[in-house]
Structures are given as C-alpha cells and as structure tokens.
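*Asks:* Questions regarding the structure given below will be posed in turn.
The values are calculated or read from the model by the stated rules, or taken from the named source; none is laboratory data. Quantities reported herein were computed from a predicted structural model and do not represent experimental measurements. Here the Cβ positions follow ideal geometry from the backbone for every residue, glycine too, while neighbour counts run over all protein chains shown. For the accessible areas, the whole protein counts, side chains as well, though only heavy atoms, and no ligand, DNA or RNA atoms are used. Shrake-Rupley method; radii C 1.70, N 1.55, O 1.52, S 1.80 Å.
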Amino acid sequence: MAEVRIAGLRKRYGSVEAVRGIDLDIADGEFIVLVGASGCGKSTTLRMIAGLEEISDGEIWIGDRLVNELPSKERDIAMVFQDYALYPHMSVYDNISFGLRYRISDRAEIKRRVEQAAEILGLTPLLDRKPRQLSGGQRQRVAMGRAIVRDPLVFLFDEPLSNLDAKLRVQMRTEIKRLHNRVRTTFVHVTHDQVEAMTLADRIVLMRNGEIEQIGTPDEIYSTPKTAYVASFIGAPPMNLIPAIVDRSAKPMVRFGEVSLPLSDALSARAGPDGRKVTVGLRPEHFVTLGPRSGASASLPIKVDVVEPLGSDTLLFFSLAGVEGIARVPPEQAVRQGERMMLEPNLDRIVLFDAETGKAL
Amino acid sequence: MRSRNADWPVHLILIPVSILMLVPFYWVLKTSITGENIFAYPPSILPSDPHLFNYVEAWYSIPFATYFINSILVVFLAIVANILIDAAAGYALTFHFRGKRLIMLIYLSCMMIPFQATIIPAYLITVNLGLVNTLLGIALPHFSHIILIFIFKASFDALPRSLPEAARMDGVPEWRILLQVMLPLARPAIATSVVLTFIWSWNDFLWPLIVVRDDDVSTLPLGLARFLSYFEDTTAALYAFVVMALVPGILVFFLAQRQFIEGLTAGARKG
C-alpha cells in the first residue's frame with residue numbers, strides 16, 4: 001500500500017495540452033475516482049500514473065519514490081484496462097499467472113497466488129478456459145485477478161465497467177467495492193459514469209478540460225458543488241440550473257421572470273448586490289408538489305410537460321424561466337401530463353452560482 | 001449479406017477464368033505422365049497411357065533428393081529468420097520514436113532497389129563471412145524482406161494496444177511480449193511470411209548460382225538448370241521435375257491459405 005502524490009502534472013501533445021497542471025494527494029488505501037466527460041484528461045492522468053504516457057511536466061510520487069522516470073514495471077502498480085487486455089490465446093490460469101512468472105520464480109507460490117485470487121473472484125472453475133469462452137463479467141474478473149495476484153502498491157482501473165451491460169455493471173461495481181474493502185490498497189479508478197463515481201469513491205476528482213474542477217467526498221460533490229458544471233455533471237437527473245437575478249427591492253430574493261424565491265440569510269449574505277445575474281441550483285428531489293392554487297409564499301407555478309414514472313419515484317419535466325426543469329416526486333403522487341401545479345422548493349438546499357464564472361457563491 | 005444465388009453471374013465469369021489459369025499446370029502434369037509431344041495437333045485433352053517413368057528418370061538422372069533437401073533446408077532457415085527478424089522489426093515500428101518516419105522511408109526506398117544491383121556487395125559480405133558454398137550463404141539474403149516487416153507491423157498495429165501495455169506493466173521483457181503475446185496473435189502475418197519466403201527462396205536461381213560451387217549444396221533451381229544441360233530431349237522428364245519441385249509449395253500454400261489471405265489484407269480495414 002502507498003499514498004500517491006501528484007504535483008503540477010501536465011501532458012502536452014504538440015500544441016494541445018491534455019492535462020493542465022493538476023495537484024492531487026491520494027491517501028494510503030483510499031479509493032479515488034477520476035470522473036469527467038470524454039477528453040477531460042482523466043485517462044491520460046491515469047496512464048501517466050501507470051507509466052504508459054510520458055509526463056510533460058510535474059511530479060508523480062508513489063509512496064516515497066518519485067516515479068517520473070521509472071518504467072511501468074518498476075512502479076509496483078497493477079492496472080485493469082477498459083478492454084480487459086486478456087491474452088486471447090492463453091487460459092484464465094495463464095492470463096493471471098503470466099506477469100507473475102517474471103517476478104516470482106517459485107512455481108508453487110505462483111500457483112498458490114493464482115488459486116487464492118481465483119477463489120476471491122469466483123474463477124476457480126474457469127481456470128482452464130480461454131477468454132473467448134467467458135462472459136463479459138467473467139472476463140472482467142480475470143482482469144481483476146491478474147491485478148490482485150501482483151499484490152501491488154496501487155490498483156489502477158481505466159473505465160473497467162464501460163463495456164458491460166447495465167445489470168452487469170451494477171454487479172461488477174459491487175465486486176470492485178468488495179475487493180477494495182478486502183485488500184484495502186490504494187485504488188485509482190477512471191470513469192465517465194457519475195453513478196459509478198458516487199457509489200465507489202471515498203473521494204471524487206471531477207475533471208474538466210485537463211483541470212480539476214472539484215475534489216471531495218461524494219456527498220460534498222453532490223450537495224455543495226463548487227461550480228455549475230459540477231452541479232450539472234453529478235446527479236441523475238442533474239441539478240436544475242435556472243438563470244435568475246438577485247432582487248433586494250424588498251427582502252432578499254432571486255427572481256426568474258414573474259416568479260421569485262426568498263433567500264436564506266446565509267445565501268443572501270453571499271448573493272451580492274441587487275440586479276446581479278446568478279444561476280439558481282436545485283436538485284430534483286428538493287421539491288414538494290402542492291395543489292394548483294397553493295398559498296405558500298415560496299412556490300413555483302409550473303405546467304407538467306412530461307411525466308416519467310421510474311417505479312421508485314416519478315420525474316416531472318417542466319419549463320421555468322425558459323429552461324427545462326425536473327422534479328422528483330414520490331410514485332404514489334398521481335400527476336398527469338399537462339397538469340398545472342405549484343412546486344415548493346426546499347429553500348435551505350438552494351445553491352447559487354455566479355452566472356458569468358459558474359462558481360458557487 | 002448477399003445470398004448465394006446472387007453470386008452466380010460472378011461465378012459464371014470466375015469459373016472459366018480459373019480453368020483457363022489451370023490449363024498450363026494441367027498441361028505440365030499431363031505431359032509429365034505421358035511424354036506426349038506438347039506441339040501435337042490436335043492436342044489431346046485427356047492423358048492416354050499414363051506412367052511414372054519420367055519421374056523415375058528425373059529422380060535418378062540427377063541427385064534430385066540432395067537438391068530437394070538442400071532447398072528445404074534453405075527455405076527453413078529463411079522462414080525462421082524472417083519470422084524472427086521481420087516480426088521484431090515490425091514490432092519496433094509500432095512504437096513511437098524519433099526518426100521512425102525516416103526509417104520507414106528508408107525501408108520503402110530500399111524496396112525499390114533490385115536485388116541484382118546489390119549482388120556484388122552481397123557476394124563480398126558472404127565471402128567475408130566465409131559462407132560461400134554453404135546453405136547458410138544461400139539463405140542469408142532471404143533472412144529479411146522489407147514487405148514482410150510492414151505486414152508484421154500492420155498485424156501488430158491491429159491488435160489492442162492494451163495487450164503489450166498490460167504485459168509491460170507486469171514486468172514482462174519486450175522480447176517475451178513479442179514472442180508470447182504479439183506473435184501468437186499475428187498468425188495471418190506469420191502465414192504470409194511463410195508462404196512468401198517459401199516462394200522467394202524456393203524459386204531463387206541467381207543468388208545460388210553465384211555462391212554455390214558444388215553439387216552437394218545445390219538447390220532445386222540450380223538442379224533444374226543442370227538437368228536441362230545434361231539432356232536434350234527431356235520435355236517430359238523436365239515436366240516431371242517441375243511437378244516434383246512444385247508440390248511442397250502447393251502444400252505450404254494450401255496449409256496456410258486462409259491465414260495468408262487474412263495477412264495480406266491486415267490493416268486494410270477496421271475491426
């Protein structure tokens with residue numbers, strides 16, 4: 001086990017800068033998930049940690065060693081690739097043991113380690129099979145087996161679940177989490193799937209355009225996003241982001257067209273001067289539906305455009321101040337398409353962003 | 001996918017063309033077992049009174065078995081060397097390094113130089129190595145073919161990059177990655193290398209003619225030339241000789257046919 005320290009890490013491909021000076025400290029045994037849209041630099045960062053990409057600038061430390069110039073094999077790390085990278089012509093046993101043969105000369109020890117890994121991952125009956133005879137989930141487990149037999153300082157996962165169907169993905173997610181609980185080694189996992197990030201990570205590193213947008217626990221990232229981008233990226237469905245103006249003509253409010261919502265004292269203190277353009281962020285689950293003629297002061301009149309029943313809850317799609325909004329309501333609440341109603345937001349959960357910079361206020 | 005029935009017009013053209021291409025082979029085979037005059041008119045289509053006398057004559061009038069074994073040994077050396085050297089060079093070209101484009105350009109340029117233009121330096125090198133009049137000396141210029149380097153490179157490029165990367169992270173040395181990960185997955189390229197090296201070194205006449213002094217290191221093409229010089233009216237025995245010399249090549253091609261065609265088209269299409 002080892003901590004990983006990244007300082008001022010950059011990667012340039014000619015004139016294009018894929019990673020723009022990131023700093024990150026990963027604690028010993030921590031499960032870190034790098035998440036972001038395609039092309040944000042997360043996989044490049046992982047490949048630089050793995051030693052598969054040269055570093056243009058900055059430093060990577062694994063434990064107390066600066067590994068910038070060390071080849072992959074000397075970094076004592078193991079990686080699970082997106083396409084599993086199983087050798088098609090070798091059996092499961094050979095796939096798992098192939099790398100070990102160059103590190104351990106004792107055949108009995110290799111056999112013991114492979115059998116132990118197979119036991120952990122439920123691969124014992126499959127050891128003689130070839131990868132083409134395995135299902136996607138089993139292949140994934142072989143790839144994980146190949147990593148754990150090495151007993152490395154750090155595990156790297158490069159979008160390992162992206163080739164699996166939705167059901168298997170959920171199952172394998174749990175397996176990865178279980179594996180981490182068992183081996184308690186430092187895990188660095190790359191994904192573009194925010195649900196994967198939320199469910200797996202001790203801390204999430206959300207990247208955008210080669211930079212870190214926010215680092216935090218899943219709860220911090222979800223509840224107190226530092227930017228509107230983070231708010232829109234994390235959460236399914238994402239946070240509602242509604243353009244508004246700060247109105248201090250009477251008591252502090254935010255106004256969207258004809259409608260306005262009062263601001264709490266804490267938010268009011270940060271909201272800035274009268275007339276400031278802001279973006280109001282509200283999670284879909286932070287609404288309560290009221291009748292069509294509610295007298296509540298802090299409510300939004302909406303017309304439901306689309307109703308999406310999910311079973312566990314129901315999503316209501318509506319338009320507000322020219323943007324589409326989503327509310328998540330309990331499934332027993334019967335709402336019809338085209339229905340007019342009032343939505344009462346939880347004012348304590350409102351997040352305000354500067355309309356120009358997108359940063360949280 | 002097109003149905004089988006939709007292919008019949010194409011087959012209607014391909015079948016007669018294929019038959020036409022096979023006519024010379026059939027003629028050689030027929031003459032070798034009958035000894036008929038090849039200029040006879042009208043020509044007979046079916047062989048009459050076939051016999052193997054011409055084969056016996058070709059086998060015993062010259063040391064055919066020696067030539068045959070020598071050819072096999074030379075081809076074997078060339079094939080093994082080509083797989084190892086060309087695959088290693090092709091693997092190296094899958095990496096990104098400074099000067100790679102220049103090296104590929106030099107390779108391409110070298111392909112345009114005919115072998116005849118390099119015979120004198122090749123001969124001098126062979127003399128200096130003490131390999132004149134040896135089977136190794138005959139095989140040496142066939143140890144690497146640039147086109148096969150490119151075929152191996154295309155084959156390796158088509159494999160997922162994660163395979164060598166995974167092995168590298170596990171600490172597997174590069175030569176092991178080549179031999180144990182990449183080569184087993186590049187079977188079409190290997191088959192192509194085997195077939196083409198076989199054809200080129202099996203048929204080579206000029207180079208063995210220059211480096212071979214003695215009959216006991218001669219290969220089949222040299223033997224064929226000597227055979228022609230010994231006998232005057234030898235058409236049927238000559239054809240028997242040709243048929244015997246062709247058999248190994250045909251066998252190699254049929255064994256590697258499917259992989260060979262895949263190898264030649266590797267990299268031509270995605271996925």
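*Asks:* Please indicate, with yes or no, whether at least one residue in region A:196-214 is touching a Pro at 6+ places or on another chain (Cβ under 6 Å), surrounded by fewer than 20 Cβ atoms within 10 Å (Cβ to Cβ) and either over 26 Å from A:ARG5 (Cα atoms) or free of Cβ contacts under 8 Å to residues at least 12 places away in the same chain (or both).
*Replies:* no
*Asks:* Please name all residue pairs, on different chains or six or more residues apart, with Cβ atoms under 7 Å, provided the first residue is in region B:119-141 and is over 13 Å from B:VAL212 (Cβ atoms) and the second residue is open to solvent by 40 Å² or more (accessible area, probe 1.4 Å).
*Replies:* Partner pairs satisfying both residue conditions: B:ILE119/B:ILE210; B:ALA122/B:PRO141.
*Asks:* Can you find even one residue in region A:94-109 that is away from every other protein chain (no Cβ under 13 Å), at pLDDT 90 or above, part of a helix (DSSP H, G or I) and touching a helix residue (DSSP H, G or I) at 6+ places or on another chain (Cβ under 8 Å)?
*Replies:* Checked region A:94-109: no residue is away from every other protein chain (no Cβ under 13 Å), at pLDDT 90 or above, part of a helix (DSSP H, G or I) and touching a helix residue (DSSP H, G or I) at 6+ places or on another chain (Cβ under 8 Å).
*Asks:* Only one of these conditions is not met by A:PHE187: (1) surrounded by 22 or more Cβ atoms within 10 Å (Cβ to Cβ); (2) within 14 Å of another protein chain (Cβ to nearest Cβ); (3) in contact with a helix residue (DSSP H, G or I) (Cβ under 8 Å, 6 or more places away or on another chain). Which number is it?
*Replies:* (2)
*Asks:* Just the residues that are among the charged types (D, E, K, R) and exposed (fewer than 12 other Cβ atoms within 10 Å of the Cβ), please, taken from region A:317-339. Explain how you work it out, then say what you get.
*Replies:* Just the residues of region A:317-339 that are among the charged types (D, E, K, R), to begin with: A:324, A:328, A:332, A:336, A:339.
The answer is A:GLU332, A:ARG336.
*Asks:* Kindly indicate which of A:GLN116, A:GLN82 is of a type in the set (S, T, N, Q) and within 13 Å of chain B (Cβ to nearest Cβ). Reasoning before the result, please.
*Replies:* On the way: A:GLN116 fails: within 13 Å of chain B (Cβ to nearest Cβ).
Answer to the selection: A:GLN82.
*Asks:* Out of A:ILE26, A:ILE62, which single residue is farther than 27 Å from B:LEU163 by Cβ, buried (at least 22 other Cβ atoms within 10 Å of the Cβ), more than 12 Å from chain B (Cβ to nearest Cβ) and of a type in the set (Val, Ile, Thr)? Spell out the reasoning first.
*Replies:* Working: A:ILE62 fails: farther than 27 Å from B:LEU163 by Cβ.
Of A:ILE26, A:ILE62, the one residue that is farther than 27 Å from B:LEU163 by Cβ, buried (at least 22 other Cβ atoms within 10 Å of the Cβ), more than 12 Å from chain B (Cβ to nearest Cβ) and of a type in the set (Val, Ile, Thr) is A:ILE26.
*Asks:* Can you say whether A:GLY235 is assigned to a loop (DSSP other than H, G, I, E, B), open to solvent by less than 20 Å² (accessible area, probe 1.4 Å) and out of contact with any helix residue (DSSP H, G or I) (no Cβ under 6 Å at 6 or more places or on another chain), as far as the supplied structure shows? Walk me through it before giving the result.
*Replies:* Numbers: assigned to a loop (DSSP other than H, G, I, E, B): yes; open to solvent by less than 20 Å² (accessible area, probe 1.4 Å): yes; out of contact with any helix residue (DSSP H, G or I) (no Cβ under 6 Å at 6 or more places or on another chain): yes.
Against the criterion (assigned to a loop (DSSP other than H, G, I, E, B), open to solvent by less than 20 Å² (accessible area, probe 1.4 Å) and out of contact with any helix residue (DSSP H, G or I) (no Cβ under 6 Å at 6 or more places or on another chain)), A:GLY235 qualifies.
*Asks:* Identify all residues within region B:143-166 that are surrounded by 18 or more Cβ atoms within 10 Å (Cβ to Cβ) and within 7 Å of chain A (Cβ to nearest Cβ); write none if there are none.
*Replies:* Selection gives B:SER162, B:LEU163, B:GLU165, B:ALA166.
*Asks:* Additional query: Which residues, taken from region B:174-184, are at the interface with chain A (Cβ under 7 Å from one of its Cβ atoms) and either open to solvent by 40 Å² or more (accessible area, probe 1.4 Å) or outside any helix (DSSP H, G or I) (or both)? Lay out the reasoning, then the answer.
*Replies:* Here is the first cut: in region B:174-184, the residues at the interface with chain A (Cβ under 7 Å from one of its Cβ atoms) are B:181, B:184.
Matches in region B:174-184: B:PRO184 only.
*Asks:* For region A:248-286, give me each residue that is within 28 Å of A:GLN333 (Cα to Cα), out of contact with any Gly (no Cβ under 9 Å at 6 or more places or on another chain), free of Cβ contacts under 8 Å to residues at least 60 places away in the same chain and open to solvent by less than 40 Å² (accessible area, probe 1.4 Å).
*Replies:* A:SER260
*Asks:* Just to check your reading of the model, which residue among B:ALA58, B:ALA87 is in the same structural domain as B:TRP175 (by TED's automatic domain parsing) and either in contact with a Lys or Arg (Cβ under 7 Å, 6 or more places away or on another chain) or at negative phi (or both)?
*Replies:* Values: B:ALA58 fails: in the same structural domain as B:TRP175 (by TED's automatic domain parsing).
Being in the same structural domain as B:TRP175 (by TED's automatic domain parsing) and either in contact with a Lys or Arg (Cβ under 7 Å, 6 or more places away or on another chain) or at negative phi (or both) holds for just one of B:ALA58, B:ALA87, which is B:ALA87.
*Asks:* Report the residue count in region A:1-23 for those that are open to solvent by 10 Å² or more (accessible area, probe 1.4 Å), under 23 Å from A:TYR229 (Cα atoms) and under 21 Å from the mean Cα position of the chain (by Cα).
*Replies:* 4
*Asks:* To continue, here is another question. Among the listed residues B:TYR91, B:TYR55, B:TYR26, B:TYR60, which satisfies the condition of being under 22 Å from B:ALA240 (Cα atoms) and open to solvent by less than 60 Å² (accessible area, probe 1.4 Å)?
*Replies:* B:TYR55
*Asks:* Given (1) more than 14 Å from chain B (Cβ to nearest Cβ); (2) open to solvent by 20 Å² or more (accessible area, probe 1.4 Å); (3) in contact (Cβ under 8 Å) with a residue 60 or more places away in the chain; (4) among the basic types (Lys, Arg), where does A:ARG47 come up short, assuming only one miss?
*Replies:* (1)
*Asks:* Find the residue count for region A:297-316, including only residues that are closer than 16 Å to A:ASN346 by Cα and open to solvent by 40 Å² or more (accessible area, probe 1.4 Å).
*Replies:* 2
*Asks:* Is it the case that region A:134-146 has a residue that's loosely packed, with under 14 Cβ neighbours inside 10 Å and more than 13 Å from chain B (Cβ to nearest Cβ)? Explain how you work it out, then say what you get.
*Replies:* Taking region A:134-146 and keeping what is loosely packed, with under 14 Cβ neighbours inside 10 Å, we get A:135.
Next cut, more than 13 Å from chain B (Cβ to nearest Cβ) only: A:135.
Checked region A:134-146: at least one residue is loosely packed, with under 14 Cβ neighbours inside 10 Å and more than 13 Å from chain B (Cβ to nearest Cβ).
*Asks:* Would you mind finding the one in A:ALA250, A:ALA197 that is in a loop (DSSP other than H, G, I, E, B) and either within 30 Å of A:PHE353 (Cα to Cα) or of a type in the set (Lys, Arg) (or both)? Talk me through it step by step, then tell me what you get.
*Replies:* On the way: A:ALA197 fails: in a loop (DSSP other than H, G, I, E, B).
Going through A:ALA250, A:ALA197 in turn, just one is in a loop (DSSP other than H, G, I, E, B) and either within 30 Å of A:PHE353 (Cα to Cα) or of a type in the set (Lys, Arg) (or both): A:ALA250.
*Asks:* Kindly indicate whether A:VAL67 is open to solvent by less than 30 Å² (accessible area, probe 1.4 Å) and more than 22 Å from A:ASP25 (Cα to Cα).
*Replies:* On the way: open to solvent by less than 30 Å² (accessible area, probe 1.4 Å): yes; more than 22 Å from A:ASP25 (Cα to Cα): no.
So A:VAL67 does not fit the description; no.
*Asks:* Could you tell me whether any residue of region A:147-164 is farther than 26 Å from A:ILE62 by Cα, at pLDDT 90 or above and either among the β-branched types (Val, Ile, Thr) or open to solvent by 40 Å² or more (accessible area, probe 1.4 Å) (or both)? Write out each step before concluding.
*Replies:* Narrowing region A:147-164 to residues farther than 26 Å from A:ILE62 by Cα: A:162-164.
Remaining after also requiring at pLDDT 90 or above: none.
No, every residue in region A:147-164 fails to be farther than 26 Å from A:ILE62 by Cα, at pLDDT 90 or above and either among the β-branched types (Val, Ile, Thr) or open to solvent by 40 Å² or more (accessible area, probe 1.4 Å) (or both).
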